[in-house]
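Participant: Could you have a look at this structure, given as structure tokens, before my questions?
A short reminder: the numbers here are calculations on the coordinates, not readings from a lab. Keep in mind that what you see is a predicted model, and the values were worked out from it rather than measured. We place every Cβ from the backbone using ideal geometry, glycine too, and count neighbours over all the protein chains shown.
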Amino acid sequence: MLLVSLGALVSGCSTTTKDETAGWSPNKIYAEAKDNMDSGGYDKAVPLFEKLEGRAAGTPLAQQAQIDKAYAQYKGGEQAQAIATLDRFMKLHPASPAMDYALYLKGLVNFNDDLGLFSFLTRQDLSERDQKAAKDSFESFKELATRFPDSRYTPDARQRMTYIVNSLAAYEVHVARYYYTRGAYVAAINRSEVALRDYRDVPALEEALYIMVKSYDALGMTQLRDDTNRVMEKSYPKSTYLSRGFKSSSDPWWKIW
């Protein structure tokens, strides 16, 4: 019985360590990895791309495997691993023809990373949210647009940059409103000033000025209230904030833009 058990154990070990790709050519590994990725089997595609990196080292196919692995990691929900793979690719292959795509994909990974930046859409607490992913995404798209203005990925990157800027400004303003509704008027003014200082020509600045008007009024600072109100009337003469106040919680989220 002992011998049988040992034999089964050895057999099991040999089965788990067997490399089914041992006799495969690099092209066959790549084709199998692509088939898995295209069918949604990202967890199966990633290790195949890793094998290909080793077996085809120093070739364009190995570079392609790195890029495809990053995409598979991204689609499989492994954002941190995808970013690490892309950073490694860009460090090892700074002159690669795929550099524009690498930058675009890195921006895309961070663009979709769920760090809570846009959680105000679900009315969650805004005071503890992180903007790092969106800012990192913007930087990647900006580098792409600067270095590769004619890239096929640049037009989409520019649109996403605009969206990110609008969203970051809206985030600041929603935090300011969060403070205002809780009576933290000085904090609301400070956060609104951050939005007004850091962003230009974005829709959220209209509400930032209104929050400042209301906060100064609540603090009894009438001179600053009136000065800010004049700026708002001049900048947004048709502002609905001046006629009806804050948007209600039932308004669709997209009305922030």
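Participant: Which lysines, if any, have their Cα less than 22 Å from the Cα of Lys247, not counting same-chain residues under 8 positions apart?
Facilitator: Lys214, Lys234, Lys238, Lys255
Participant: For Lys132, give me every one of the lysines with a C-alpha distance below 21 angstrom, ignoring sequence neighbours fewer than eight places off in its own chain.
Facilitator: Qualifying lysines at Cα under 21 Å: Lys75, Lys106, Lys142.
Participant: Here's a follow-up. How high is the FRET efficiency between Thr59 and Thr162 when r is their beta carbon distance and R₀ equals 45 Å, given to the nearest 0.05? Before the final figure, lay out the partial values.
Facilitator: Values: r = 38 Å, r/R0 = 0.86.
About 0.70, to the nearest 0.05.
Participant: So what's the net charge close to Tyr210: Lys and Arg +1, Asp and Glu -1, counting the other residues with Cβ under 12 Å from its Cβ?
Facilitator: On the way: positive: Arg177, Lys214, Arg225, Arg244, Lys247; negative: Glu206, Glu207, Asp217, Glu233.
My count for the surroundings of Tyr210 gives +1.
Participant: What whole number of Å gives the distance from the Cα centroid of the range 166-202 to the Cα centroid of the range 13-92?
Facilitator: A separation of 44 Å, based on Cα centres.
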